[in-house]
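Chemist: After the structure tokens below, expect a handful of questions from me.
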Amino acid sequence: MSAWQPTADLARLQQRAALLAAIRAFFAARGVLEVETPALSAAATTDPQIESFQCMAQVAGQMRPYYLHTSPEFAMKRLLAAGSGAIYQIARVFRQGERGRYHNPEFTLLEWYRPDVSLTELMAEVAALLLPLLPHFDHSESISYAAAMQRYVGVDPHTASIETLATCCRDHGINPPDLGDDRDGWLALLLSHLIEPQLGQGGGLTFLYDFPASQAALAQIRPGDPPVAERFELYGAGIELANGFHELTDATEQQQRFIADQQQRAQQQRPALPYDTHLIAALQQGLPDSCGVAVGIDRLLLLASGAKSLDQVIAFPFDRA
């Protein structure tokens, strides 16, 4: 195949168009407003696990860095704070270094936010949208992060020592460079190697919920013993499809998390990227209590079409862009 040609065939391009039309019809029927927000921003994501693309733009006669968004989340939350009500967006997003069977640095993300719904209600809506789009899946199920760790690994993720987690990794043949005292790093290895491949099998989508509080990202933390992050991930055939949150509304806490991300980046000798001060201002104004979720459209199409890699459902992947 010549490099100028698309890697997805016409049938899958047509299936992509039909899938996007079905998504828009789903939200139109529920009165959810479709929005568009900028792909370029003066702020970047601070998440140490995600790397933004940077470009230079001339602003008021000065050249300054701008960043391609890794998600439309921050701008959509500003709309929520301005009174938009329930909103969704189908956006092209960009993440450095993500290239592989299930990754492409540029991909399509569906993201939506629902004020005044619970995380459980949002999970039900996710299932209502996705199950009709996936011919090989006919139900959904849920399991907590702790229960999944106990079932598939035999450890309590909230109480196990770092030494126990590291030993568990090695006992299962996972031999990464030493992660030291990075507890969440060890948990992430166990999750990716031993748990994720088990999720979303047997014709059912699997919601994994109640993550450790240290992995809250942009989610609220529910007090308890132990406290947990009010977030979920959704899997089909061992592939992560979605990531949802009961959204953090506390501006001070959000700013502290951004600064902690910057400090972690500095410790890793990586650039401490600018965080979104517009989002902080919107949270200070008042974000309605909301739940939100992002769904990877390319992975969804991969499962719906029976493709083996994202290249088969993307017209021109990164190598041919």
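Here's the yes/no breakdown for (1) in contact (Cβ under 8 Å) with a residue 24 or more places away in the chain; (2) among the polar types (S, T, N, Q); (3) surrounded by 16 or more Cβ atoms within 10 Å (Cβ to Cβ):
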{"residue": "101", "(1), (2), (3)": "yes, no, no"}
{"residue": "105", "(1), (2), (3)": "yes, no, yes"}
{"residue": "121", "(1), (2), (3)": "yes, no, no"}
{"residue": "135", "(1), (2), (3)": "yes, no, no"}
{"residue": "144", "(1), (2), (3)": "yes, yes, yes"}
{"residue": "147", "(1), (2), (3)": "no, no, no"}
{"residue": "160", "(1), (2), (3)": "no, no, yes"}
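Chemist: Can you name the condition, by its number, that residue 267 falls short on among (1) modelled with pLDDT under 95; (2) over 20 Å from the mean Cα position of the chain (by Cα); (3) within 25 Å of residue 92 (Cα to Cα)?
Modeler: Of (1) modelled with pLDDT under 95; (2) over 20 Å from the mean Cα position of the chain (by Cα); (3) within 25 Å of residue 92 (Cα to Cα), only one is false for residue 267: (3).
Chemist: Which members of the range 194-203 meet the condition of being touching a residue at least 24 places away in the same chain (Cβ under 8 Å) and surrounded by fewer than 18 Cβ atoms within 10 Å (Cβ to Cβ)?
Modeler: Let us first name the residues in the range 194-203 that are touching a residue at least 24 places away in the same chain (Cβ under 8 Å), namely 194-201, 203.
Of everything in the range 194-203, those that are touching a residue at least 24 places away in the same chain (Cβ under 8 Å) and surrounded by fewer than 18 Cβ atoms within 10 Å (Cβ to Cβ) turn out to be 197, 198, 201, 203.
Chemist: Among residues belonging to the range 1-57 that are in a loop (DSSP other than H, G, I, E, B) and among the acidic types (Asp, Glu), point out the one that is nearest to residue 302 (Cα to Cα).
Modeler: Looking at residues that are in a loop (DSSP other than H, G, I, E, B) and among the acidic types (Asp, Glu), I get 9.
Chemist: Right, another one. Scan 28, 22, 43 and give me the residue that is closer than 23 Å to residue 115 by Cα, hydrophobic (A, V, I, L, M, F, W, C) and in contact (Cβ under 8 Å) with a residue 12 or more places away in the chain.
Modeler: 22
Chemist: Could you give me the residue pairs with C-beta distances under 8 Å whose first residue belongs to the range 266-293 and is in contact (Cβ under 8 Å) with a residue 60 or more places away in the chain and outside any helix (DSSP H, G or I), whose second residue is surrounded by fewer than 21 Cβ atoms within 10 Å (Cβ to Cβ) and among the acidic types (Asp, Glu) wherever it lies, and which are 6+ apart or on separate chains?
Modeler: Listed by first residue and then by second, the contacts come to 275/261; 288/116; 289/116; 290/116; 291/121.
Chemist: Conditions first: (1) surrounded by fewer than 20 Cβ atoms within 10 Å (Cβ to Cβ); (2) hydrophobic (A, V, I, L, M, F, W, C); (3) free of Cβ contacts under 8 Å to residues at least 60 places away in the same chain. Residue 68 passes all but one, so which condition is the exception?
Modeler: (1)
Chemist: Residue 213: within 22 Å of residue 47 (Cβ to Cβ) and in contact with a Lys or Arg (Cβ under 7 Å, 6 or more places away or on another chain), yes or no?
Modeler: So residue 213 does not fit the description; no.
Chemist: If you take the residues in the range 141-164 that are more than 30 Å from residue 122 (Cβ to Cβ) and part of a helix (DSSP H, G or I), which one is nearest to the chain's Cα centre (by Cα)?
Modeler: Residues of the range 141-164 more than 30 Å from residue 122 (Cβ to Cβ): 154, 161-164.
Then keep just the ones that are part of a helix (DSSP H, G or I); that gives 162-164.
Details: 162: 26, 163: 29, 164: 28 Å.
Across the range 141-164, the extreme among qualifying residues is 162.
Chemist: Check 185, 180 and return the single one that is out of contact with any strand residue (DSSP E or B) (no Cβ under 9 Å at 6 or more places or on another chain), at positive phi and of a type in the set (Gly, Ala, Ser).
Modeler: 180
Chemist: If I filter the range 174-190 for residues that are buried (at least 17 other Cβ atoms within 10 Å of the Cβ), at pLDDT 95 or above and farther than 25 Å from residue 103 by Cα, do I get at least one hit?
Modeler: no
Chemist: Would you mind stating whether residue 233 is surrounded by fewer than 22 Cβ atoms within 10 Å (Cβ to Cβ), at pLDDT 95 or above and among the charged types (D, E, K, R)?
Modeler: Spelling it out, residue 233 is indeed surrounded by fewer than 22 Cβ atoms within 10 Å (Cβ to Cβ), at pLDDT 95 or above and among the charged types (D, E, K, R).
Chemist: Taking the conditions exactly as written (crowded, with 18+ Cβ neighbours inside 10 Å and touching a Lys or Arg at 6+ places or on another chain (Cβ under 7 Å)), does residue 208 satisfy them or not?
Modeler: No, not satisfied.
The values are calculated or read from the model by the stated rules, or taken from the named source; none is laboratory data. Since the structure is predicted, the reported quantities are computational estimates derived from the model, not experimental observations. Methodologically, a virtual Cβ is constructed for each residue, glycine included, from the backbone with ideal geometry; neighbour enumeration extends over all protein chains shown.
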